1. Quick one: is HIS100 surrounded by fewer than 17 Cβ atoms within 10 Å (Cβ to Cβ) and either of a type outside the set (Lys, Arg) or in contact (Cβ under 8 Å) with a residue 24 or more places away in the chain (or both)?
2. Of the numbered conditions (1) of a type in the set (D, E, K, R); (2) out of contact with any helix residue (DSSP H, G or I) (no Cβ under 6 Å at 6 or more places or on another chain); (3) in contact (Cβ under 8 Å) with a residue 60 or more places away in the chain, GLU33 satisfies every one except a single condition; which is it?
3. Report, by residue number, each residue of the stretch 94-143 that is under 22 Å from LYS24 (Cα atoms) and of a type in the set (Ser, Thr, Tyr).
4. Run down ALA115, ALA106, ALA67 and say which single residue is under 23 Å from VAL146 (Cα atoms) and surrounded by 15 or more Cβ atoms within 10 Å (Cβ to Cβ).
5. For the stretch 39-60: of the residues being among the polar types (S, T, N, Q) and buried (at least 22 other Cβ atoms within 10 Å of the Cβ), which is farthest from LYS144 (Cα to Cα)?
6. Select from the stretch 98-129 the residues that are of a type outside the set (Lys, Arg) and over 14 Å from the mean Cα position of the chain (by Cα) and list them in ascending order.
7. Give the residue, chosen from PHE175, PHE157, PHE164, that is of a type in the set (Phe, Trp, Tyr), more than 30 Å from LYS24 (Cα to Cα), in contact (Cβ under 8 Å) with a residue 24 or more places away in the chain and touching a Cys at 6+ places or on another chain (Cβ under 6 Å).
Amino acid sequence: MIFIYVILAGYILGSIPTAVWLGKLIHGVDIREHGSKNAGATNTFRVFGNTSGIIVLLLDILKGYVAASVPLYLSHLYIGFKDDELILQLIASFFAIIGHVFPVLANFRGGKGVASTLGIIIAINPDTAFICLGCFVVVFVIWKYVSLGAIVASILFPFVSFFFMKEDARIMIVFSIIISLIVLFAHRKNIHRLMHGEENKMNFLKRKA
């Protein structure tokens, strides 16, 4: 039963459509009908401005962090080998990302899972999280493409995870590769636009349209 609890908790937390709900409650519109039509923090910045973008970004990071932390509060429900806790964290995290990309609470039309993935990695391996975040920031500052920063960070994620891998946490490498592939798949249209010079740059200093 513990696996069912963890899967449901992760998926439901990931399915909370923060960008969609904020857009409807505060701005009276569905974010998925504007801008890039993506229900994520980047599109929220573009469509609604910095304040709403920051709120969605922080909430998406938080829901990833909480999803990855759920198994820590359910330890009284399972007794097993030393990897149980990490395995359950990774299961909850995986379904949280699936929930973010395909949210049952928003007709399965969600975001790309980058912010939630950051929250997950902060909860499980903060060293890896901050190195990947630093790479994202460097790429973004130089080229001004949020998508490119996310793509580079996701590619580096398995390698950085390997560097910080604990002796008994090889499953983390498998998890990092799977998550990297999910993020890359979610950015497939961005990759196409980047290759053809059609991707939009982001300037957080500009006011919303």
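The values are calculated or read from the model by the stated rules, or taken from the named source; none is laboratory data. Note that this is a predicted model, so its numbers are computed, not measured. In this analysis, Cβ positions are derived from the backbone assuming ideal geometry, glycine residues included, and neighbour counts consider all displayed protein chains.
1. On the way: surrounded by fewer than 17 Cβ atoms within 10 Å (Cβ to Cβ): no; either of a type outside the set (Lys, Arg) or in contact (Cβ under 8 Å) with a residue 24 or more places away in the chain (or both): yes.
No: the conditions fail for HIS100.
2. Checking GLU33 against (1) of a type in the set (D, E, K, R); (2) out of contact with any helix residue (DSSP H, G or I) (no Cβ under 6 Å at 6 or more places or on another chain); (3) in contact (Cβ under 8 Å) with a residue 60 or more places away in the chain, the one that fails is (3).
3. If the condition is that a residue be under 22 Å from LYS24 (Cα atoms) and of a type in the set (Ser, Thr, Tyr), then SER116 is the only one that fits.
4. Details: ALA106 fails: under 23 Å from VAL146 (Cα atoms); ALA67 fails: under 23 Å from VAL146 (Cα atoms).
That would be ALA115, the only listed residue that is under 23 Å from VAL146 (Cα atoms) and surrounded by 15 or more Cβ atoms within 10 Å (Cβ to Cβ).
5. By that ranking, first place goes to THR44.
6. We begin by selecting, within the stretch 98-129, every residue of a type outside the set (Lys, Arg); these are 98-108, 110-111, 113-129.
Correct list: VAL104, LEU105, ALA106, ASN107, PHE108, ASN125, PRO126, ASP127, THR128.
7. Numbers: PHE175 fails: touching a Cys at 6+ places or on another chain (Cβ under 6 Å); PHE164 fails: touching a Cys at 6+ places or on another chain (Cβ under 6 Å).
It is PHE157.
Results for (1) hydroxyl-bearing (Ser, Thr, Tyr); (2) modelled with pLDDT of 95 or more; (3) assigned to a helix (DSSP H, G or I), shown as yes or no for each residue.
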| site | (1), (2), (3) |
| --- | --- |
| VAL6 | no, no, yes |
| LEU13 | no, yes, yes |
| ALA19 | no, yes, yes |
| GLY23 | no, yes, yes |
| GLY35 | no, no, no |
| ASN38 | no, no, no |
| ILE54 | no, yes, yes |
| LEU57 | no, yes, yes |
| ILE61 | no, yes, yes |
